Amino acid sequence: MKHVDKHTNISRANIEDLEEILNLQKRAFITEAEHHGNYDIEPLQQTYDSILSDFSSYIFLKATYEGKIVGSIKYRIQEDRVWLGKLIVDTVYRRQGLGKRLLIKVEELNPESKRFQLFTAASSVHNIRLYESIGYRACGEYHDNAQANLVLVEMEKINLCICTEEIKKIVDEWEQKLLSLPEDVITERRNHQNRTIKQLLGHLVDSASNNHQRMIRLQYNDNLVFPDYTQDNDRWIAIQDYQHADWENLVQLWKSFNLHIIHLIKSIDQSKLDNFWTDYEGNEVTLADMIIGYPWHLNLHINDIKGLIEQ
């Protein structure tokens, strides 16, 4: 085994690097082929034309040491997620943290992405442990149609930081804006759902309170039975009479609840992210999906409020 050091550089690969990366890939995946007793796996059979085609839809990173490529990974961005593939480390430089550095580099280059996903063989225990060591978790299992005996595990890492940052940004931006609004604007203007700004903010308080309960309960229930309120949104708004609530108190309640949601998300037990709650339509909503969806819903209704202000 040779030792890499801090001078190993990770950077974006260019088209001229593809032949060297392909050769490294074929050397690196020999051990995987031996482990499975199958030398027909795609990484060993891939052609230069095929990797060239990948280059048009993926970003390739390379790790270089003393002028040669000793590691590589490719990824593509799809909406709010990043799909990773072909994590490769030269066999003589393994077990020194280079694979982990390549994975983390992808995250650093995509700080706005909410999910990082990849596939690995279910029997590749060392690979799975590597991914788990930096926060990935198994979220599905599939049989490879091209390789009848190969079972793949889908692994995913949720970027909880981007979710909390989105919530904090909205609270910081809107607290004073909301407090400065005149009475007629918050009580008389109505959106397409016939809700005033006061009622919309009240609904966001309800969203925070319900999601707060779910996020806690899902950490000790893998299949949560808990009432939905989606079908009763307007009933909640009416029963609590948000239209006549003290505006400053309502804004501070909205702010404080969301700051606590941020604290809660930062404390989430990530081993529970696949636990799910079933909504009133029968959809299974995982804790991960709930956390990712929360800032989206918050922003949706803040935009409603913005639209009413601009009328």
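Computed from the coordinates by the stated procedures, all read-outs in this text should not be read as laboratory data. Note that the coordinates shown come from a computational prediction; the quantities given were computed from them, not determined experimentally. Because the Cβ atoms are built from the backbone with ideal geometry, glycine has one as well, and the counts that use them run over all protein chains shown.
Brief remarks follow.
- Whether the chain is rounded, prolate or oblate, judged on the alpha carbon gyration tensor where a/c under 1.5 counts as rounded: prolate
- Computed on the stretch 160-309, with alpha-carbon pairs under 8 angstrom and 6+ residues apart, the relative contact order is 37 percent.
- Computed extension gain for Y220 through R27, at 0.36 nm per residue and net of the alpha carbon distance, reaches 65.0 nm.
- Nitroxide proxy distance, nm - points 7 Å out along Cα→Cβ at Q243 and R95: 7.1 nm
- Options L150, L61, L18, ranked by Cα towards positive dipole end of the stretch 9-158, top entry (Cβ charges): L61
- Contact order normalised by residue count of the stretch 1-84, Cα under 8 Å, 6+ apart, percent: 34 percent
- Modelled this way, with points 7 Å down the Cα-to-C-beta line, the labels at L179 and E165 are 2.6 nm from one another.
- Computed over the chain: relative contact order in percent, which uses C-alpha pairs under 8 Å that are six or more apart: 14 percent
- The distance between label points at S209 and D269 comes to 2.7 nm (points 7 Å beyond Cα on the Cα→Cβ vector).
- Helix 18-28 axis, angle to the chain major axis (alpha carbon atoms, nearest 10°): 80 degrees
- Selection of chymotrypsin sites (Phe, Trp or Tyr not before Pro), the stretch 257-311, meeting DSSP coil and at most 16 other Cβ within 10 Å: Y280
- When each of D80, D90 is scored by the number of other beta-carbon atoms lying within 10 Å, the sequence from fewest to most is D80, D90.
- Rg then Dmax, both in Å and based on the Cα atoms of the stretch 8-87: 13.0, 37.
- Global form of the stretch 9-158, assessed from the alpha-carbon gyration tensor, a/c cut-off 1.5: rounded
- Entries of K105/K255; K74/K266; K114/K198; K114/K255 with Cα pairs more than 27 Å apart: K105/K255; K74/K266; K114/K198
- Cα-based helix-to-principal-axis angle, 287-309 vs the chain, degrees rounded to 10: 50 degrees
- FRET E, pair S53, H143, Förster distance 22 Å, beta-carbon r, rounded to 0.05: 0.30
- Within straight-line cross-link reach of K177, aspartates and glutamates at Cα separation under 15 Å, skipping those fewer than 8 residues along the same chain: E248, D304, E310
- Here's how it looks for R195: its modeled amide H is under 5 Å from none belonging to a residue 5 or more places away or on a different chain.
- 0 to 90° range, to nearest 10: angle between helix 98-109 axis and the chain longest Cα axis: 40 degrees
- Springs join every pair of Cα atoms under 10 Å in this Gaussian network model of the chain, and among V205, V251, V125 the largest mean-square fluctuation is at V125.
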